[in-house]
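Where a number appears in this text, it was derived from the coordinates with a stated rule and is not lab data. This is a predicted model, so every value here is computed, not measured. Cβ coordinates were reconstructed from backbone atoms using ideal geometry, including for glycine residues, and neighbour counts include every protein chain displayed.
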Amino acid sequence: MTGGIGDWLRRHRHNTPDRIALREVETGASWTFADLDRRTDALAAALRAQGTARGDRVGLVTVNSAHMLEVIFAVAKLGAVAVPINVRLSAEEIQYILTDSGAGTVFVSAPLAATVAQATAGTQVTRVVQIPAAAQRREGTDSEFEQLISSAPQGPVTAEVDGGDLAMLMYTSGTTGKPKGAMLTHDNMLWNAINSFSAAGEGLYPRDVNLSTAPLFHIGALGIFTLPLLYAGGTTVIMEAFTPEAWLDAVEQYRPTVSFCVPAMWAAIDAAPSIGKRDLSSLRYVLSGGAPCPLVLIESLRTRGLNFLEGFGLTETAPIVSVLASADVVDNAGSIGKPVMHVDLRVVDEQGAAVPTGEVGELAIRGPNVFVGYWNRPDATAEAIVGGWFLSGDLATCDEAGYYRIVDRKKDMIISGGENVYATEVEQVLYRHPEITEVAVVGRPDPQWGEAVAAVVVRTAGSDLSEESLIAWTRERLAGFKTPRTVVFTEALPRTATGKVLKRQLRTTWSEDGEVVQR
């Protein structure tokens with residue numbers, strides 16, 4: 001592919017210039033494909049005039065907006081590399097990513113400007129450009145961002161961009177350590193879009209409308225529906241920030257046909273006081289990803305009339321790997337489904353050989369959507385990509401019918417008394433308890449068993465569920481070695497901005513001898 005992802009807009013501008021590409025909920029503004037191509041050409045020209053060249057990194061510390069996507073496509077048109085950064089990180093954490101990526105320019109949403117000013121100290125950043133807040137955009141207030149676009153020379157920006165060139169550095173969420181920059185190419189984005197079109201028998205169409213409300217700095221919200229629909233010529237409706245009632249309002253107003261959320265968001269939508277009165281009939285299907293979705297939640301959402309699918313993917317795969325079709329989400333609960341069209345999966349042992357059907361091994365992934373390595377980390381790249389296969393770090397099984405199931409993260413597996421305990425299995429059982437809203441299972445140090453199973457639990461409002469009664473309840477449903485020996489109750493689980501539980505933070509709950517040191 002010549003021209004990279006920036007060429008998508010140019011082609012749609014030629015073929016369907018008046019079709020709506022983007023809408024914003026908070027401002028009510030909309031962009032046709034002609035608007036989007038023209039504005040990203042101008043922004044690319046302005047960046048080039050300021051010295052941004054092919055291969056340069058451009059950071060984005062931005063909340064969801066059409067302007068965020070304009071930056072990504074303008075950068076792509078130059079052959080430069082976008083670096084979306086989690087807006088919920090501290091200044092020190094943002095500084096680490098800016099330093100690691102070597103970004104020279106940073107775009108920042110206005111409310112985050114003070115944090116980014118702190119973060120850029122001591123980095124290579126020479127220019128910070130503010131994207132105005134939604135209220136300013138709604139009122140048409142002049143801004144540095146709009147001045148960049150209006151002052152740039154008009155006309156298409158031409159640059160030699162190949163499909164194998166880097167388009168983005170997407171930093172892993174860092175649930176187990178320092179984040180690493182996954183190098184994603186233009187072709188990775190293209191093939192992720194192509195994989196979306198036939199996924200689980202539902203796919204995408206140019207006439208689809210996507211309600212995008214999960215954070216776009218995460219590959220899930222960006223790579224599921226949003227970028228694929230910009231490739232297909234469809235429409236994305238962008239919400240700056242999620243609340244369940246605002247999501248329901250947007251469904252009724254904009255009539256989306258697809259939407260992606262993480263399980264914590266789906267749980268909030270399901271619990272919204274007004275959901276029983278809402279018209280959700282425009283949605284062809286909805287997709288959950290980022291973490292396993294509890295079966296009780298899936299069943300409840302299905303009673304709401306939602307055609308519910310689960311997807312599995314990683315930052316390193318741009319992200320779609322597999323989808324569990326709506327017909328299978330109950331009968332094959334806990335499975336990640338089957339691989340999408342152009343992805344190969346296999347389950348391998350420590351030597352890289354395929355394990356027998358039904359046995360546990362590491363999930364290996366191959367396909368044109370798989371990243372090319374970690375930025376400035378040849379050691380980590382060599383560990384992760386072996387013989388053309390990406391070793392995901394997930395422990396998995398595959399049954400005779402071809403359904404894959406993640407049993408745990410390789411680093412999160414608990415070994416208690418020589419027995420392997422898979423946290424996901426225990427969590428799924430605990431989620432069936434009517435007085436539990438959230439749960440995470442981790443290993444804690446144990447002088448006798450090496451590790452013991454511990455559950456960190458968020459109870460339902462008003463519950464007086466005790467540690468003893470929950471352990472007894474679980475023992476009736478699981479083998480003794482899988483049953484939690486310790487339960488810690490908490491108000492909320494620590495999560496990344498993408499909804500993943502920070503298990504490394506939970507493990508600090510225990511001292512080296514297994515005693516609880518914080519609650």
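If you place +1 on the Cβ of every Lys and Arg and -1 on the Cβ of every Asp and Glu, how big does the dipole about the Cα centre of the chain come out, in debye to the nearest 20?
My answer is approximately 860 debye.
I'd like to know how region 326-423 sits against the 2.2 N^0.38 Å rule of thumb: what's its Cα Rg over that expected value?
So region 326-423 has a normalised radius of gyration of 1.14.
So which chymotrypsin sites (Phe, Trp or Tyr not before Pro) in region 329-394 pass both tests, a DSSP loop state and at most 10 other Cβ atoms within 10 Å of the Cβ?
Answer in residue order: no site qualifies.
Can you give me the three principal axis dimensions of region 415-507 from its C-alpha atoms, in Å, biggest first?
Answer, in whole Å and largest first: 36, 30, 20 Å.
With θ taken as phi - 60° and the coefficients 6.51, -1.76 and 1.60, list the Karplus ³J(HN,Hα) couplings across region 215-223 in order, rounded to whole Hz; mark glycine and proline as x.
Ordered by residue, 3J(HN,Hα) equals x, 6, 6, 9, 5, x, 5, 6, x Hz.
Return P(r) of the chain (all Cα-Cα pairs; 10 Å bins starting at 0; whole %; ordered from short to long distances).
Each 10 Å bin holds this share of Cα pairs: 4, 18, 29, 27, 16, 5, 1, 0.
Using 0.36 nm per residue of separation minus the Cα-Cα distance, give me the extension gain between Glu299 and Ala113 in nm, one decimal.
62.7 nm
Explain nothing, just compute: Karplus ³J(HN,Hα) = 6.51 cos²θ - 1.76 cosθ + 1.60, θ = phi - 60°, for every residue of region 367-384 in order, whole Hz, x for Gly and Pro.
Those phi angles translate into x, x, 8, 7, 4, 9, x, 9, 4, 6, 10, x, 5, 5, 5, 5, 6, 8 Hz.
Give the residue from Ala250, Ser326, Val125 lying farthest towards the positive end of the charge dipole for region 6-398; charges sit on Cβ (+1 for Lys and Arg, -1 for Asp and Glu) and the dipole is referred to the Cα centre.
Value computed over the given set: Ala250.
I'd like the Karplus ³J(HN,Hα) series for region 463-468: coefficients 6.51, -1.76, 1.60, θ = phi - 60°, whole numbers in Hz, and an x wherever there's a Gly or Pro.
Result, rounded to whole Hz: 6, 10, 3, 9, 4, 4.
If you project the alpha carbons of region 218-345 onto the principal axes, what extent comes out on each, in Å, largest first?
Principal extents (Cα only, largest first): 42, 34, 21 Å.
Collect residues whose amide H, placed 1.01 Å from N in the peptide plane, falls under 5 Å from the amide H of Ala21; neighbours closer than 5 in sequence don't count.
For Ala21, the qualifying residues are Trp31, Thr32, Phe33.
Which value in deg cm²/dmol, rounded to the nearest 500, describes the helix-derived mean residue ellipticity at 222 nm for the chain, given -39,500 (n - 2.57) per DSSP H run of n ≥ 4 and division by the residue count?
-8000 deg cm²/dmol, from helical runs alone.
Pull up the cross-link candidates among the lysines for Lys180, meaning alpha carbon to alpha carbon under 27 Å and not fewer than 8 places away within one chain.
Once the sequence-local lysines are set aside, what remains near Lys180 is Lys77, Lys410, Lys411, Lys500, Lys503.
Which value results for Rg/Rh of region 50-91 when Rg is the Cα radius of gyration and Rh the Kirkwood radius based on the inverse mean 1/r?
Rg divided by Rh gives 1.00.
Give me the number: length gained by fully extending Arg507 to Tyr205, i.e. 0.36 nm times residue separation minus the C-alpha to C-alpha distance, one decimal in nm.
104.3 nm
Would you pull out the residues with amide H under 5 Å of Ala325's amide H, same chain only if 5 or more places away, H placed 1.01 Å from N?
Long-range HN contacts for Ala325: Lys338.
Which cross-chain or sequence-distant (5 or more) residues have an amide H under 5 Å from the amide H of Asp394, H modelled 1.01 Å from N in plane?
Residues meeting the amide H criterion: Leu363, Lys410.
Using 0.36 nm per residue, how much length does the chain from Ala49 to Ser469 gain when fully extended, once their Cα-Cα distance is taken away?
Result: 144.5 nm gained on full extension.
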